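Chemist: Attaching a single structure in structure tokens format; questions to follow.
The values are calculated or read from the model by the stated rules, or taken from the named source; none is laboratory data. Remember, it's a predicted structure, so these values are computed and weren't measured experimentally. Quick reminder, even Gly has a Cβ in these numbers, built from the backbone with ideal geometry, and neighbours come from all protein chains shown. In case anyone asks, the SASA skips ligands and DNA or RNA and just uses the protein heavy atoms, side chains included. Shrake-Rupley method; radii C 1.70, N 1.55, O 1.52, S 1.80 Å.
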Amino acid sequence: MAETTTGRRERKKAQTRQALADAALRLFTEHGFDNVGVREVAEAADVSLSTLFKHFSGKEALVFDLDADVESALVAAVRDRAPGQSVLHALRDYLVSTRTAVRTDDPTFVLVESTPALRDYARRMWSRHEEALAATLADATGLAPDAPAVTGLARFAMEAPGIARASKDPARTMRDLFALLEHGWATTVLARQEDRPGQDG
């Protein structure tokens, strides 16, 4: 009985959180992020202001309702990778499957890109994810958390999706970026030059 009650309570919390996130996105998109207050979001979701703050730390967080899930999945991609798979390949496969399909006309993407406060929040959010990923990479490799290889790979993983999404073929670009990291500049450029004679590196 207790398990059933707990399950029902968790479902209710998830539904409330989703209702708030949906209401926020709709209002922010229709009226502009700066023109909508958290009280209006709470009213649109038919909950109290105190309930809103139980689920979200502030106004910006309403747009990034999957923040914790994204970080957990990123960490799990490395921590729970298949036996024998390198951390580099695990990260590459995860980012190809999750971070290259974001459409530039997606309402949330458009909202974030057009709102300075949300862009700043997103940068801080990705910085937190970077720290969590670096700690996981250190555990997986036995290197120190501040080792250049660890911090460099974590930073690379955070920046690569932005580069990939700006290309015509994000998934291929992501793979090319990881190939560059894995094989080095000289090897990667040489392979490209062999495909297209006359290009300088």
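Chemist: Relative to the present Cα-Cα distance, how much length would full extension add between residue 80 and residue 179 at 0.36 nm per residue of separation?
Modeler: Details: separation 99, 0.36 × 99 = 35.64 nm, distance 2.20 nm.
Fully extending the segment from residue 80 to residue 179 adds 33.4 nm.
Chemist: With each pseudo-label sitting 7 Å past Cα toward Cβ, what's the residue 89-residue 132 distance in nm, one decimal?
Modeler: So the two model labels end up 2.6 nm from each other.
Chemist: Which of rounded, prolate, oblate describes segment 50-176, given a ≥ b ≥ c as roots of the alpha-carbon gyration tensor eigenvalues and a/c under 1.5 marking rounded, otherwise prolate only if a/b is larger than b/c? Intermediate values should be presented prior to the final figure.
Modeler: On the way: a/c = 2.01, a/b = 1.34, b/c = 1.50.
In terms of gyration-tensor shape, oblate.
Chemist: What spacing in nm lies between the two simple spin-label points modelled at residue 187 and residue 57, each 7 Å away from Cα in the Cβ direction?
Modeler: Output for this residue pair reads 4.0 nm.
Chemist: Mind checking the angle between helix 116-141 and the chain's longest principal axis? C-alpha axes, 0 to 90 degrees, to the nearest 10.
Modeler: So the helix axis and the longest Cα principal axis differ by about 60 degrees.
Chemist: Round to the nearest 0.05 the FRET efficiency obtained for residue 49 and residue 73 when R0 = 41 Å and r is the Cβ-Cβ distance. Don't skip to the end; give the middle numbers.
Modeler: Numbers: r = 30 Å, r/R0 = 0.74.
Between residue 49 and residue 73 the formula returns 0.85.
Chemist: With a 10 Å radius around each residue's Cβ, average the other Cβ atoms per peptide and rank 138-149, 66-77, highest first. Mind showing how you got there, number by number?
Modeler: Working: 138-149: 12.9, 66-77: 15.1.
Averaged packing, sorted descending, gives the order 66-77, 138-149.
Chemist: Cα to Cα, under 26 Å, and not fewer than 8 places away if on the same chain: which lysines meet these conditions relative to residue 54?
Modeler: By straight Cα distance, residue 54 reaches 12, 13.
Chemist: Return one number: the angle in degrees, 0 to 90 and rounded to the nearest 10, between the long axis of the Cα atoms of helix 185-195 and the longest principal axis of the Cα atoms of the chain.
Modeler: So the helix axis and the longest Cα principal axis differ by about 70 degrees.
Chemist: Report ³J(HN,Hα) in whole Hz for each residue of segment 155-168, in order, from the Karplus equation J = 6.51 cos²θ - 1.76 cosθ + 1.60 where θ = phi - 60°; Gly and Pro get x.
Modeler: 5, 4, 5, 6, 8, 4, x, x, 5, 5, 5, 7, 9, 6
Chemist: Oh, and also: If you line up the long axis of helix 170-183 against the longest principal axis of the chain, both from Cα atoms, how many degrees apart are they, to the nearest 10?
Modeler: That works out to roughly 50 degrees.
Chemist: I've got another one for you. Mind running the shape call on segment 98-153? Use the C-alpha gyration tensor, a ≥ b ≥ c as the square roots of the eigenvalues: rounded below 1.5 for a/c, prolate if a/b tops b/c, oblate otherwise. The partial results should precede the final answer.
Modeler: Numbers: a/c = 4.13, a/b = 2.30, b/c = 1.80.
It is prolate, given that a/c is not under 1.5 and a/b is the larger ratio.
Chemist: While we're looking at this one, here's another question. Run the helix sum for the chain: -39,500 (n - 2.57) per DSSP H stretch of 4+ residues, divided by residue count, reported at 222 nm to the nearest 500 deg cm²/dmol.
Modeler: Numbers: 10 runs with 145 residues, N = 201.
That comes out to -23500 deg cm²/dmol.
Chemist: With θ taken as phi - 60° and the coefficients 6.51, -1.76 and 1.60, list the Karplus ³J(HN,Hα) couplings across segment 50-67 in order, rounded to whole Hz; mark glycine and proline as x.
Modeler: 5, 5, 4, 6, 6, 9, 9, 6, x, 5, 4, 4, 4, 7, 10, 5, 9, 3
Chemist: Also, I was wondering about something else. Could you state the accessible area per residue of the chain in Å², with a 1.4 Å probe and every protein chain left in place?
Modeler: Here the residues of the chain average 61 Å² of exposed surface.
Chemist: Just to confirm a number: summing +1 for Lys and Arg and -1 for Asp and Glu over residues other than residue 41 whose beta-carbon lies under 15 angstrom from that of residue 41, what do you get?
Modeler: Neighbour charge sum, excluding residue 41 itself: -3.
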